[in-house]
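The structure appears below as structure tokens.
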Amino acid sequence: MPSVREHTHNTPSGHSTASGRSGHDTCDEAQREVVSFLSNPASYSPKCEKVDKIETHGAVVLLAGRNVYKIKRNVRYPYMDYSTLDKRHQACQAEISINKPHAPQIYRGVVAVTRRPDGHLQIAGDGVPVEWAVHMNRFDQSGLLSTIAKDGKLDQTIVRSVASEIARYHSRSKTIVCTDAAERLGQVVSQIEQAITSGHGGWPERQCAALRRRLRKNFQDVRDLLDRRGSAGFVRRGHGDMHLSNIVMIDGHAVLFDSIEFDEALATTDTLYDLAFIVMDLDAHGYRPQASLLLNRYLIAANHDSDLDTLSALPLFMSLRASIRAMVARQRSELLSDKSKKAALSQAETYFARAVAYLEDVPTKLIAVGGFSGTGKSTLAAALAPFVGRAPGAIHIRSDIERKLMFGVNETDRLPATAYDERPNREVYGRILSKAKRVLATGHSVIVDAVFADKVERDATAEIAAGAGVTFKGLWLTAPRETLHQRVNARQGDASDATQNVVDRQLAKKIDDLDWYEVDASGSPAETLAHARDLLHRSQRG
């Protein structure tokens, strides 16, 4: 069953996020001989210049040139048993079988360290195996998402790639049809409650009590939903440890690696709980816009209505992930020196604060962004999303993307003119409003963007908000004809099929009874965002 504990992260980049201290030695005499052998550049063919070594409480990783060899330590913990050569062999095979299908660029296979008749050790020799190792290709650490984020380079292209890869990962993962999905997650909730009650972490009792109360309430509210998800096939053998340091960009594509191999139950969970780790990790590190975009792009890529319904469980999922990370950081601080201890404690405080905040009540809103093609509706809607509703922001529903989904084509495929006739237009607006209604029912805020040239479309959107009992705001974007022409002509790789002629036809249309807030969108995206946020803020005060 899932449990609250720290995982061991050993990356073939030379980067370690392990819980153990680097250099801490728990190897027995036989393993020390193997480690010494693999630490010698002369042991490899061809010989490498040097070998870097990373040690954690569960593994020793040797980075030799372009190759990485990872051996499991001869250790036994309540949650991880590598105490025999056979068990270490099985663990290495499990790591390959789980990770290689998703990351063939990294994982190569399992190799034996063998002993020749003369007593010397050899990699993949004909002698008797004395140890087993996971063989991987080394990659550049600069490609890790954690590094990219720290360097300020986590742009939309990368986030979209990550979201698409996670959706693909889940679609290829083994489905576990079960009727006890709520019970599985309930054990995690109980363990966190117990840890808080026992005083683990040392946080103020008032905050601990609030977190316990909110965790239990939120869990009870979604129990039936979680069980339905399990019965419908949304509990899968996922990654289990999907944080910023376990995703790397290789040749422009996101690659997920280092999935949990030592505990099937821990990695077998609801797909949105699996996703919640990386969404929370981005948000907790100060990258809420990227977290918002990742969630939205995942929902588009996965394209499951059930995921929209399960947004009601997202606050619980993110709070659980943050709670676990807070406790882990607090535990790790006890093993570190003063300077590192302070940093770990600060990280623990950040995660704990997030865990509490994710379960706070936040007003639900529906915001509609309308205007002619080229006004920047989608750009504004995506930029507004992180500032609206609960973490990591509002769900952005875009008519251009819904149209492509409706016709079953790729997002950037151009549709024929007939796809924009009156009947498909009605169907598209029906889809976006139906999805908006579905999301609002979960307590999550929504931003819809479409042209909204017809009053009936604008009125129907306001009615959706009224029916859900949430605040509604309509924004109408404007910009000069020349600006609109320039923008649609410059588009590349976008879901919109609008052309200069489409803009001219839209401008010729009379807009009746417009009662939305007009936003000057003639400037930069940042200026438009500032105008929109100011209008929303002033309307809220009014």
Given the conditions (1) within 17 Å of Met242 (Cβ to Cβ); (2) outside the structural domain of Ser39 (by TED's automatic domain parsing); (3) aliphatic (A, V, I, L, M), and given that Ile106 satisfies all but one, which numbered condition is not satisfied? (2)
I'd like to verify a number: residues in the stretch 353-363 that are buried (at least 19 other Cβ atoms within 10 Å of the Cβ) and over 19 Å from the mean Cα position of the chain (by Cα), how many? 1
In this structure, is Val60 modelled with pLDDT under 95 and buried (at least 21 other Cβ atoms within 10 Å of the Cβ)? yes
Filtering the stretch 41-52 down to residues that are surrounded by fewer than 15 Cβ atoms within 10 Å (Cβ to Cβ) and of a type outside the set (Ser, Thr, Tyr), which residue is farthest from Arg88 (Cα to Cα)? Glu49
Checking Arg138 against (1) of a type in the set (Lys, Arg); (2) under 26 Å from Asn296 (Cβ atoms); (3) in contact (Cβ under 8 Å) with a residue 24 or more places away in the chain, which test does it fail? (2)
Of (1) without any contact (Cβ under 8 Å) to a residue 60 or more places away in the chain; (2) surrounded by fewer than 13 Cβ atoms within 10 Å (Cβ to Cβ); (3) not aromatic (Phe, Trp, Tyr), Ala124 satisfies all except one. Which? (2)
Would you say Ala265 is small (Gly, Ala, Ser), assigned to a helix (DSSP H, G or I) and without any contact (Cβ under 8 Å) to a residue 12 or more places away in the chain? no
The stretch 384-398, subset part of a helix (DSSP H, G or I) and crowded, with 23+ Cβ neighbours inside 10 Å, residue farthest from the chain's Cα centre (by Cα): Leu384
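Given the condition more than 36 Å from the chain's Cα centre (by Cα), in a strand (DSSP E or B) and farther than 26 Å from Gly252 by Cα, answer yes or no: does some residue in the stretch 101-114 qualify?
Keep residues of the stretch 101-114 that are more than 36 Å from the chain's Cα centre (by Cα), which gives 113-114.
Those left that are additionally in a strand (DSSP E or B): 113-114.
Filter again for farther than 26 Å from Gly252 by Cα, leaving 113-114.
Within the stretch 101-114 (the criterion being more than 36 Å from the chain's Cα centre (by Cα), in a strand (DSSP E or B) and farther than 26 Å from Gly252 by Cα), the answer is yes, since at least one residue qualifies.
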Looking for something touching a residue at least 40 places away in the same chain (Cβ under 8 Å) and part of a helix (DSSP H, G or I) - is there at least one such residue anywhere in the stretch 249-262? no
Test each condition in (1) at pLDDT below 95; (2) assigned to a loop (DSSP other than H, G, I, E, B); (3) crowded, with 24+ Cβ neighbours inside 10 Å for His239 and report the one that comes out false. (1)
Of the residues in the stretch 242-274 that are surrounded by fewer than 21 Cβ atoms within 10 Å (Cβ to Cβ) and among the charged types (D, E, K, R), the one that is farthest from Met80 (Cα to Cα) is Asp251
Can you find even one residue in the stretch 408-423 that is in contact with a helix residue (DSSP H, G or I) (Cβ under 9 Å, 6 or more places away or on another chain), outside the structural domain of Val222 (by TED's automatic domain parsing) and crowded, with 23+ Cβ neighbours inside 10 Å? no
Test result for Glu518, closer than 28 Å to Arg438 by Cβ and in the same structural domain as Thr442 (by TED's automatic domain parsing): no
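Here are some residues: Val446, Val470. Which one is in contact with a strand residue (DSSP E or B) (Cβ under 7 Å, 6 or more places away or on another chain), under 25 Å from Pro525 (Cβ atoms), of a type in the set (Val, Ile, Thr) and touching a residue at least 12 places away in the same chain (Cβ under 8 Å)?
Numbers: Val470 fails: under 25 Å from Pro525 (Cβ atoms).
Of the residues listed, the single one that is in contact with a strand residue (DSSP E or B) (Cβ under 7 Å, 6 or more places away or on another chain), under 25 Å from Pro525 (Cβ atoms), of a type in the set (Val, Ile, Thr) and touching a residue at least 12 places away in the same chain (Cβ under 8 Å) is Val446.
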Cβ pairs under 9 Å, 6+ apart or interchain, first in the stretch 297-313 and in contact (Cβ under 8 Å) with a residue 12 or more places away in the chain and under 15 Å from Glu402 (Cβ atoms), second surrounded by 20 or more Cβ atoms within 10 Å (Cβ to Cβ) and basic (Lys, Arg), ordered by first then second residue, are Ile300/Arg398
Kindly evaluate Gly152 against the criterion of being in contact with a helix residue (DSSP H, G or I) (Cβ under 7 Å, 6 or more places away or on another chain) and assigned to a loop (DSSP other than H, G, I, E, B). no
Of all residues in the stretch 399-443, how many are part of a loop (DSSP other than H, G, I, E, B) and either in contact with a strand residue (DSSP E or B) (Cβ under 9 Å, 6 or more places away or on another chain) or under 19 Å from Ile367 (Cβ atoms) (or both)? 3
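The values are calculated or read from the model by the stated rules, or taken from the named source; none is laboratory data. This structure is a prediction, so every number in the text was calculated from the model and none was measured. Note that we place each Cβ from the backbone using ideal geometry, even for glycine, and neighbour counts take in every protein chain shown.
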